[in-house]
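Chemist: First, the structure itself, so that you have it in front of you.
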Amino acid sequence: MEIRPAEPDEAELLSELAFRSKAYWGYPEEFMAACRHELTYTPEQVTGGGFWVLEDESQVRGFYALVKTSPNTMELEAMFVEPDLIGRGYGRALMEHALDECGHTEHIERLVIQADPNAASFYESAGGRKIGERPSDSIAGRMLPLYDIEIEKAR
């Protein structure tokens, strides 16, 4: 298993993986269609940095993306694992890598995560503390749990 920076030419692959991973939770077709734009990544986004892929047996099995939202805060913009690998430690490896990246970025004190409700227990087990909710960018009226992890405590 290796975690490495994503390449711009992997944007379509990452978009497809994100869509499959989101669908794992059994959302209806209309819901998934509404999420399509939010789950689509461009080569320019990937080029901008913060995208990391997890490879196993020379195949991309998952990825995450970090975005700096303030001088001391990073946000987990995305984290997705191939559906048939959910629950096998790939998400945990990605999360540990993301926290390590935050810890090595000067002045970063916290990681904020807007979670899919189905993944809430995963983020709680990673040290996330629920700090509120935030409206979904894709589904009007849907509120998503918001978590915070203090980087110093996570290290």
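Chemist: Go through (1) at pLDDT 95 or above; (2) more than 14 Å from the chain's Cα centre (by Cα); (3) among the acidic types (Asp, Glu) for residue 75 and report which single condition fails.
Modeler: Of everything listed in (1) at pLDDT 95 or above; (2) more than 14 Å from the chain's Cα centre (by Cα); (3) among the acidic types (Asp, Glu), residue 75 misses just condition (2).
Chemist: Considering only residues that are at positive phi and either within 16 Å of the chain's Cα centre (by Cα) or modelled with pLDDT under 95 (or both), which ones fall in the range 96-150?
Modeler: Matches in the range 96-150: 107, 127, 141.
Chemist: A further question on this structure: Return a yes/no flag: does the range 59-78 have any residue that is surrounded by 14 or more Cβ atoms within 10 Å (Cβ to Cβ) and out of contact with any strand residue (DSSP E or B) (no Cβ under 6 Å at 6 or more places or on another chain).
Modeler: Checked the range 59-78: no residue is surrounded by 14 or more Cβ atoms within 10 Å (Cβ to Cβ) and out of contact with any strand residue (DSSP E or B) (no Cβ under 6 Å at 6 or more places or on another chain).
Chemist: Enumerate the helices (runs of 4 or more DSSP H) found wholly within the range 1-104, keeping only those where 1 or more residues are under 30 Å from residue 141 (Cβ atoms) and free of Cβ contacts under 8 Å to residues at least 24 places away in the same chain.
Modeler: 11-23, 29-35
Chemist: Then there is this: Does the range 17-38 include one or more residues that are among the polar types (S, T, N, Q), closer than 19 Å to residue 113 by Cα and under 14 Å from the mean Cα position of the chain (by Cα)?
Modeler: So far as the range 17-38 goes, yes, one or more of its residues are among the polar types (S, T, N, Q), closer than 19 Å to residue 113 by Cα and under 14 Å from the mean Cα position of the chain (by Cα).
Chemist: While we're on this one: Which condition does residue 44 not pass, out of (1) surrounded by 13 or more Cβ atoms within 10 Å (Cβ to Cβ); (2) at pLDDT below 95; (3) over 13 Å from residue 116 (Cβ atoms), if it passes all the others?
Modeler: Looking at each condition in turn, residue 44 falls short on (1).
Chemist: Quick one: residue 26 ticks every box in (1) more than 14 Å from residue 64 (Cα to Cα); (2) surrounded by 15 or more Cβ atoms within 10 Å (Cβ to Cβ) bar one, so which box is it?
Modeler: So the condition that residue 26 fails would be (2).
The values are calculated or read from the model by the stated rules, or taken from the named source; none is laboratory data. A quick note: this is a predicted structure, and the numbers were derived from the prediction, not measured. Methodologically, a virtual Cβ is constructed for each residue, glycine included, from the backbone with ideal geometry; neighbour enumeration extends over all protein chains shown.
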